[in-house]
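Have a look at the structure below before the remarks.
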Amino acid sequence: MRYISTRGKTAAHSFSEAVAVGLAPDGGLFLPEKFPTITTKLVAWEKLGYADLCFEFMKLFATDIPEADLKQIVLDSYVHFSDPKIAPLKKLSKDLYVLELFHGPTLAFKDFALQLLGNLYSYLCAQKSESINVLGATSGDTGAAAIHGLLGKPNTAVFILYPNGRVSALQERQMACSQAANVFALAIDGSFDDAQAALKEIFGDQDFRKKHRLSAVNSINLARVLAQCVYYLYAWLQIPEQDRSRIEFVVPTGNFGNVLAGWLLTQMGVPIGSFKVATNQNDILYRLFNTGEYKVGQVEPSLAPSMDIQVASNFERLLYYRLGCDPIQVSRAMDEFKHNGSFILPEFKAGEFSASRCTDSEIPGIIKSVYTQYGMVIDPHTACGFKEHTVGKVSIVLATASPAKFPDTIQTATGIEPKDPTLEALKLRPIVKTHITANAALIKAFITKNGV
Ligand SMILES: *Cc1c(COP(=O)(O)O)cnc(C)c1O
């Protein structure tokens, strides 16, 4: 299997090459040259546990990694999940299920991809007798999940920049209490944008980047998207056959990476009826699916912070298919977006997608009513997925984070303080962070001194 770029100016890459570089050199995102059809395998896959299903699936894509090695990588990636089912599917009513994706080490769905990506990075490094320094800026869950994906792995170091005092206390603990020698939590004086600007400058220095084998943490890595396909399949296979054609996955969405992964299964022949893109008040995608205009807005901080985005970077992958797999049209649209902050897709077909929008004023009420009606406590991101139910569908709402990560909102909404033993244990550990100015030269010096 070979991987091509949405912008068409990159030679085809192998799986390992595409994973190692992340973003394609022409600025585009990697996609398989051709999707395998998996329909004939589905019956046999019904019996598999989560990690075995993941292996069977990834085997079709990671064709340049020997199978025995891949199997070990995949099995190792799901050992740190606290629920034996990894992604338990809970039935709330005849037409409503919740797929719990928060039983990984950082209690949000990003662990599904970043545990695997961490193991892939470390495997690929070992193969080439190289080391890797991973660098990212985060305002939310990604930094913690990246850290826990690489925790203590030999020949790797991970540096996460975040705005000092502007992430939640629990989020900071997830990054700064890891107690691993290869993890560096860098608290920046300044805003998230200052951290991003410094990061961009560092990655722009090609010599430094090469010399330190620097890799970015972001949501566009091909391996992340593929790893996320698996839980959709796992849930779909558990729904009684007669109901499968009515399934609608409801996905709390920010960067579009999660919901895109589900949709890719339709390209492999899995008959999934529809997807609902559930946004918070930062609603670029809601507007897109309702008007055909993709237009950047001002980010407003919300109660569902991991969905506070301006640009849904993975949307480019859907755009590629919607524009007839024509990289010239994709490049043109993305250039227009870069210059004008918007583009219009007059013929844009929402197709399998619909969208909903949930404001901060609605989130606590939804949390309360789900608790009252079903006895289930959901987090503010998941709450956006409960905004509306499409009549006639069997909804599977993806629960993207544990309520224990957002105790204040949950307490206000329900009067209950959600707790998780992982987070309670973190409260007993010292915070180990480095204060640093958001200055590229200073951060580079830090990486030079502490990197591998
Ligand atoms: C990252 C995140 C999202 C958004 O996922 P995308 O792949 O960016 O659409 C939703 N909920 C939680 C809890 C997250 O951490």
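The values are calculated or read from the model by the stated rules, or taken from the named source; none is laboratory data. Because the structure is predicted, anything quoted here is derived from the model rather than measured. Glycine also receives a Cβ, built like all others from the backbone with ideal geometry; neighbour counts cover every protein chain displayed. Please note that ligands, DNA and RNA were not included when accessible areas were found on the heavy atoms of the full protein model with its side chains. Shrake-Rupley method; radii C 1.70, N 1.55, O 1.52, S 1.80 Å.
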Under 12 Å from the Lys427 label point (7 Å along Cα→beta-carbon), backbone N, the stretch 165-186: 170
Cα gyration tensor, the stretch 96-163 - rounded (a/c under 1.5), prolate or oblate: oblate
Solvent-accessible area, 1.4 Å probe, carbon plus sulfur percent, for the chain: 52
Extended-chain gain in nm, criterion 0.36 nm per residue less alpha-carbon gap, Glu336 and Lys9: 115.9 nm
Residues of type lysines that Lys210 reaches as a straight line, Cα spacing below 22 Å, ignoring anything fewer than 8 places off in the same chain: Lys9, Lys128, Lys153, Lys200, Lys444, Lys449
Length added when fully stretched, Asp360-Met1, from 0.36 nm per residue minus Cα-Cα: 124.9 nm
Cα-centre dipole for the stretch 43-194 with unit charges at Cβ (Lys and Arg positive, Asp and Glu negative), debye to 20: 340
Filtered trypsin sites (Lys or Arg not before Pro), the stretch 50-96: DSSP coil and at most 14 other beta carbons within 10 Å: Lys85, Lys94
Selection of trypsin sites (Lys or Arg not before Pro), the stretch 283-350, meeting DSSP coil and at most 10 other Cβ within 10 Å: Lys349
Stretch gain in nm, segment Lys200-Val296, where the contour uses 0.36 nm per residue and the Cα spacing is subtracted: 32.6 nm
Spin-label model distance (nm) - Asp207 vs Leu75, 7 Å beyond Cα toward Cβ: 4.7
GluC sites (Glu not before Pro) restricted to the stretch 329-382 and DSSP loop, no more than 10 other C-beta within 10 Å: Glu347
Selected from Ala440, Ile366, Phe315, residue furthest toward positive end of dipole (the stretch 304-452; charges at beta carbon): Ala440
Three-way shape call for the stretch 379-452 based on the alpha-carbon gyration tensor, with the a/c threshold at 1.5: prolate
Anisotropy class of the chain from Cα gyration tensor, a/c 1.5 cut: rounded
For the stretch 182-231 versus the stretch 379-431, the gap between their alpha-carbon centres in whole angstrom: 27
Cβ charges +1 (Lys, Arg) and -1 (Asp, Glu), total dipole of the stretch 240-329, debye: 120
Solvent exposure of the chain as accessible area per residue, Å², 1.4 Å probe: 40
Label zone at Gln179, where the point sits 7 Å out along the Cα-to-Cβ direction: the stretch 139-156 residues whose backbone N lies under 20 Å: 144-154
Across the chain: Cys residues that no other cysteine approaches within a C-beta distance under 4.7 Å: Cys54, Cys125, Cys177, Cys229, Cys325
Assigned charges on the beta-carbon of Lys, Arg, Asp, Glu; the stretch 118-246 dipole about Cα centre (debye): 360
Relative contact order of the chain, pairs being alpha-carbon contacts under 8 Å that are 6 or more residues apart, as %: 18
Heavy atoms of Asp76: accessible area, 1.4 Å probe, square angstrom to 10: 70
Lysine pairs within the stretch 17-110, Cα separation less than 19 Å, 8 or more sequence positions apart or different chains: 10
Spatially proximal aspartates and glutamates relative to Lys393 (Cα-Cα < 18 Å; intrachain offsets below 8 disregarded): Asp95, Glu241, Asp243, Glu248, Glu352
